[in-house]
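Undergrad: Please see the structure below; I have some questions.
The values are calculated or read from the model by the stated rules, or taken from the named source; none is laboratory data. Since the model is a prediction, treat every value here as computed from it, not as a measurement. Ideal geometry is used to build each Cβ from the backbone, glycine not excepted, and the neighbour counts take in all protein chains shown.
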Amino acid sequence: MKVHLHRSNIMFCYYSSLLIIASLFVPLSQSLTCPLVLKTNAQVERRLLNEGFHRDLETAVYLSSPEDLQSCLVLVKEVLPPGAYFDPSQLRFLKPFGGPDFYIPQMINVETPEHFSPRILAYFYVLPKPLNHGRWMVNVTVPVHFRYHRARSGTSHPLEVGVRLQHPAILLQCEDVGGDVCTPLAQLEPCPPSGYNQCEWLPVHTFSTSEAVMAVIPVGNTDLLDVVLLTTTCVTAGATLLILVTLKKKKIS
Amino acid sequence: MESIKKARNRLRLYPKLIVECGPQATEYARCVALRDNVMKGDCAKEFEAFKVCVQEAAKRMKTRLMALGGRGSRFGSTETIQIHLFLGFVIRFMFIVYGEHHDKTNVLKYTDVDYHVFTDAASEVAQGGSPFDRHTYRYTPFLAWILLPNVYSHFIFGKILFSLLDCIASKLIYQLLLLDGQSKDTAVKCSFLWLYNPLVIGVSTRGSAEAIMAVLVLMTLYFMRLRLALLAGFSLGISIHFKLYPVIYCFPLYVSLTSHHLQDSIWRQILPNRSKLRLVIGTAISFFGLTGLGFFMYGEQYIEEAFLYHLSRTDTRHNFSIYFYLLYIGADYYIPGLNLATFGPQLLLIIVLGFKFSNRLDVPFALFTQTVVFVTFNKVITSQYFLWYLLLLPLIVSRLTMTSSKAILLTVLWIAAQVSWLLPAYLLEFHAVNAFVPIWLESIAFFSCNVGILMAVISSYMVVPTIHHHNSRKNR
């Protein structure tokens with residue numbers, strides 16, 4: 001199991017580094033012609049509100065660009081680790097109350113523990129609000145849930161695990177700005193508002209002043225297995241005997 | 001409570017009445033016992049003689065007969081129960097309307113997530129697709145069919161249907177109690193345990209389909225009481241098709257169809273007779289018919305989602321079950337005999353209870369205790385499961401010789417054990433406090449509480465002399 005996980009991690013890193021290298025080569029030829037991509041910066045700041053397994057993930061993106069982003073739509077592309085998930089039906093209920101348009105390509109099982117769950121891709125579509133000259137802001141708050149984690153030994157580990165939510169990628173789709181010069185830089189991602197087709201999106205440079213947010217999730221203590229096993233089976237066996245004795249005493253005419 | 005006490009006092013006099021009419025009773029009992037399959041009117045002459053004798057004896061003792069009373073005494077109650085059924089429906093309708101309003105204005109929903117799943121599945125069906133195209137739809141396809149009006153007419157159709165079924169269930173409880181020889185007053189009051197139960201009202205108006213199960217299980221008992229074994233089998237088969245758990249009822253229901261004079265031999269109890277065969281055939285036809293139809297229409301996906309998923313489901317998240325923490329921390333370990341240790345007590349007790357109370361007049365009690373054991377000893381318990389035995393509680397409550405203060409104490413204990421479980425669960429879930437051990441201890445407390453209540457209920461259960469019930473049946 002562990003070997004398999006490691007290998008898939010390595011493959012993931014390998015493919016993503018290939019992608020990064022490939023995307024480095026493309027702009028070289030077009031370098032200064034698409035300012036929307038090359039001169040726009042996205043600063044991502046986020047917070048996890050509340051405590052426990054059910055929390056709110058607040059993401060603020062500050063965009064600064066020489067171009068006018070008034071006609072643009074922002075795509076916040078999240079990759080959640082296996083320890084966390086978004087609940088699509090909950091996000092759907094949130095829409096009438098100001099929740100964002102979103103697309104989650106996978107079916108999500110809300111019951112499975114972390115070690116049986118996949119990474120989750122989620123796309124949120126948000127309109128930027130102008131802040132001041134050349135700066136726009138995007139604000140999304142969505143509920144995020146955390147999964148049960150594998151129980152572990154309390155003597156060698158702390159009885160909690162951290163689930164780190166990496167910063168999202170930010171992409172733009174604009175009507176008036178960009179134009180043909182930007183087309184070679186575009187990448188295909190699901191279309192708004194609900195991801196039925198693939199559209200062209202322009203990736204922007206993303207940075208942050210803060211580290212990825214982390215949730216701390218309590219886990220069970222396997223050191224107690226003997227005690228729990230013994231107590232539980234004794235209690236259930238004792239209860240079974242007591243009920244049988246009660247039945248034996250009961251006279252049926 | 002007063003009327004229950006009165007009824008109980010009256011019941012206590014019954015043996016005396018019967019002793020007074022010894023010869024007539026023996027005559028009648030002999031007539032009934034000689035027939036393998038007693039039909040209405042078979043022993044009318046003997047019964048009439050016995051009835052007149054008992055009525056005269058009752059007059060002498062200045063008591064009133066309950067089941068033996070004239071037909072006229074029941075007409076008044078029909079109105080009372082109808083008023084209450086109507087009121088129960090109106091209350092539910094108000095909750096449904098409130099829920100609609102609440103859901104439009106609040107982020108936290110009143111409507112159960114499952115109800116949206118049902119409705120989505122129904123719209124898949126409406127578009128000519130399979131209900132299983134809706135992810136997480138893990139029920140019989142016919143539930144989606146029944147709820148098609150959710151798509152065609154209004155979203156709240158299903159909730160109204162469930163509320164109506166709740167009222168039908170209450171009416172069935174009432175009828176069953178009358179057949180059991182209870183007075184109209186007692187029957188009405190016992191049916192309140194379902195009709196006005198806040199848990200039941202909440203579950204149905206939030207859109208859980210438990211009311212369907214309630215009606216199917218009660219129909220089974222009702223047909224059993226009327227000795228319509230084939231129809232009882234049909235209802236039982238449908239209920240097993242809808243949710244697997246009533247399969248535990250097969251055994252006591254089957255054994256209960258043994259003729260009385262043969263009940264002392266275990267071999268005879270297992271051997272089939274005509275009414276047993278009817279029950280088995282009815283169950284098999286409806287269960288395999290519906291399941292086969294579902295398989296024919298929706299293929300393996302149906303079997304996988306509706307049956308195999310429930311069997312292989314391992315949800316280790318915290319719940320009321322005593323096994324929760326063991327299954328969570330033991331998930332990565334091979335513990336020999338763990339399945340036997342968790343499944344064994346549940347199975348053993350279900351069989352023993354089913355056998356012990358398999359007399360046809362005690363069958364509701366067998367079903368009740370079996371369900372309590374099934375839920376209490378289960379590996380996963382959610383509060384919806386409590387409805388499965390709360391449904392049968394009204395049928396047996398009038399047979400418990402328990403003081404009202406003890407009954408109240410046990411009820412308070414049951415609720416308190418749940419509430420105190422909620423505190424560590426809340427701290428874990430919403431404050432990330434490592435409260436697994438307290439939750440486990442609370443689950444042991446809740447388990448012990450349930451076992452204690454079950455033992456108290458078994459001890460105080462009153463087995464009514466068989467002969468009295470034949471009378472009440474005859475006089476329906």
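Undergrad: With the requirement that a residue be surrounded by 13 or more Cβ atoms within 10 Å (Cβ to Cβ) and more than 22 Å from B:Ala209 (Cβ to Cβ), what does the range B:93-113 give you?
TA: Residue satisfying the conditions is B:Val107 alone.
Residue-by-condition table, conditions (1) under 13 Å from the mean Cα position of the chain (by Cα); (2) of a type in the set (Asp, Glu):
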position: B:Asp166; (1), (2): yes, yes
position: B:Leu172; (1), (2): yes, no
position: B:Leu176; (1), (2): yes, no
position: B:Cys190; (1), (2): no, no
position: B:Tyr196; (1), (2): no, no
position: B:Glu210; (1), (2): yes, yes
position: B:Ala214; (1), (2): yes, no
position: B:Thr220; (1), (2): yes, no
position: B:Arg227; (1), (2): no, no
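Undergrad: In this structure, does A:Gly179 turn out to be away from every other protein chain (no Cβ under 14 Å) and either more than 17 Å from the chain's Cα centre (by Cα) or in contact (Cβ under 8 Å) with a residue 40 or more places away in the chain (or both)?
TA: So A:Gly179 fits the description; yes.
Undergrad: Within the range A:187-202, does at least one residue satisfy the condition of being crowded, with 19+ Cβ neighbours inside 10 Å, out of contact with any helix residue (DSSP H, G or I) (no Cβ under 8 Å at 6 or more places or on another chain) and among the charged types (D, E, K, R)?
TA: The answer is yes, given that some residue of the range A:187-202 is crowded, with 19+ Cβ neighbours inside 10 Å, out of contact with any helix residue (DSSP H, G or I) (no Cβ under 8 Å at 6 or more places or on another chain) and among the charged types (D, E, K, R).
Undergrad: Take the range A:150-173 and flag every residue that is over 20 Å from A:Pro81 (Cα atoms), surrounded by fewer than 19 Cβ atoms within 10 Å (Cβ to Cβ) and touching a residue at least 24 places away in the same chain (Cβ under 8 Å).
TA: Correct list: A:Ser153, A:Gly154, A:Thr155.
Undergrad: With the requirement that a residue be within 14 Å of another protein chain (Cβ to nearest Cβ) and either part of a strand (DSSP E or B) or within 18 Å of A:Leu36 (Cβ to Cβ) (or both), what does the range A:112-143 give you?
TA: A:Thr141, A:Val142, A:Pro143
Undergrad: Let me ask you something else. Which condition breaks for B:Asn378 when tested against (1) within 12 Å of chain A (Cβ to nearest Cβ); (2) over 30 Å from A:Asp226 (Cβ atoms); (3) surrounded by fewer than 21 Cβ atoms within 10 Å (Cβ to Cβ)?
TA: Only one criterion is unmet by B:Asn378, namely (2).
Undergrad: May I pose another question? If you go through the range A:190-197 one residue at a time, do you hit one that is modelled with pLDDT under 95 and either β-branched (Val, Ile, Thr) or touching a Leu at 6+ places or on another chain (Cβ under 9 Å) (or both)?
TA: yes
Undergrad: Can I ask one more? Would you say B:Gln175 is crowded, with 22+ Cβ neighbours inside 10 Å and out of contact with any helix residue (DSSP H, G or I) (no Cβ under 6 Å at 6 or more places or on another chain)?
TA: no
Undergrad: Would you confirm, using the coordinates I've provided, whether B:Ser448 is more than 10 Å from every other protein chain (Cβ to nearest Cβ) and surrounded by 16 or more Cβ atoms within 10 Å (Cβ to Cβ)? If you could, list the steps in order and put the result at the bottom.
TA: On the way: more than 10 Å from every other protein chain (Cβ to nearest Cβ): no; surrounded by 16 or more Cβ atoms within 10 Å (Cβ to Cβ): yes.
So B:Ser448 does not fit the description; no.
Undergrad: Between a first residue in the range A:79-108 that is assigned by TED's automatic domain parsing to the domain that holds A:Cys199 and a second residue that is hydroxyl-bearing (Ser, Thr, Tyr), which pairs have beta carbons less than 6 Å apart while being 6 or more apart in sequence or on different chains?
TA: These pairs meet every condition: A:Pro82/A:Ser117; A:Asp101/A:Tyr125; A:Tyr103/A:Tyr123; A:Tyr103/A:Ser194; A:Ile108/A:Tyr85.
Undergrad: Just a yes or no: is a residue in the range B:348-371 among the acidic types (Asp, Glu) and surrounded by 21 or more Cβ atoms within 10 Å (Cβ to Cβ)?
TA: Yes - at least one qualifying residue is present in the range B:348-371.
Undergrad: Still on this structure, I have one more. I'm trying to understand the selection: among the residues of the range B:87-112, which are of a type in the set (Val, Ile, Thr) and farther than 22 Å from B:Asn197 by Cα?
TA: B:Thr105, B:Val107
Undergrad: What number goes with the only condition from (1) surrounded by 17 or more Cβ atoms within 10 Å (Cβ to Cβ); (2) closer than 23 Å to B:Lys356 by Cβ; (3) over 17 Å from the mean Cα position of the chain (by Cα) that B:Phe251 does not pass?
TA: (3)
Undergrad: Follow-up. Inspect all residues belonging to the range B:291-311 and state whether any of them is within 21 Å of A:Asp226 (Cα to Cα) and within 12 Å of another protein chain (Cβ to nearest Cβ).
TA: no
Undergrad: What number goes with the only condition from (1) within 14 Å of chain B (Cβ to nearest Cβ); (2) within 28 Å of the chain's Cα centre (by Cα) that A:Pro168 does not pass?
TA: Every condition holds for A:Pro168 apart from (1).
Undergrad: Only one of B:Leu221, B:Leu230 is over 20 Å from B:Gln82 (Cα atoms) and touching a Gly at 6+ places or on another chain (Cβ under 6 Å); which?
TA: Exactly one of B:Leu221, B:Leu230 is over 20 Å from B:Gln82 (Cα atoms) and touching a Gly at 6+ places or on another chain (Cβ under 6 Å), namely B:Leu230.
Undergrad: Any residue in the range B:420-432 that's more than 11 Å from every other protein chain (Cβ to nearest Cβ) and without any contact (Cβ under 8 Å) to a residue 40 or more places away in the chain: show its pairings with residues that are surrounded by 19 or more Cβ atoms within 10 Å (Cβ to Cβ) and of a type in the set (Ser, Thr, Tyr) at Cβ separation under 8 Å, as long as the two are six or more apart or on different chains.
TA: none
Undergrad: Further question: Residues being touching a Gly at 6+ places or on another chain (Cβ under 6 Å) and acidic (Asp, Glu): count how many of those fall in the range A:84-119.
TA: The qualifying residues number 1.
Undergrad: Select the helices (runs of 4 or more DSSP H) contained entirely in the range B:191-279, then report the ones holding at least 1 residues which are closer than 30 Å to B:Val117 by Cα and polar (S, T, N, Q).
TA: Details: elements: B:198-205, B:210-225, B:229-242, B:250-255, B:266-270.
The helices (runs of 4 or more DSSP H) meeting that bar are B:198-205, B:210-225, B:229-242.
Undergrad: Quick check on my filter: what residues within the range B:315-362 are more than 8 Å from chain A (Cβ to nearest Cβ) and touching a residue at least 60 places away in the same chain (Cβ under 8 Å)?
TA: B:His318, B:Asn319, B:Phe320, B:Ser321, B:Phe324, B:Ile350, B:Ile351, B:Gly354, B:Phe355, B:Ser358, B:Arg360, B:Leu361
Undergrad: Within the range A:218-253, which residues are among the β-branched types (Val, Ile, Thr) and at the interface with chain B (Cβ under 7 Å from one of its Cβ atoms)?
TA: A:Thr222, A:Val228, A:Thr232, A:Thr233, A:Val235, A:Thr236, A:Thr240, A:Ile243, A:Thr246, A:Ile252, listed by residue number.
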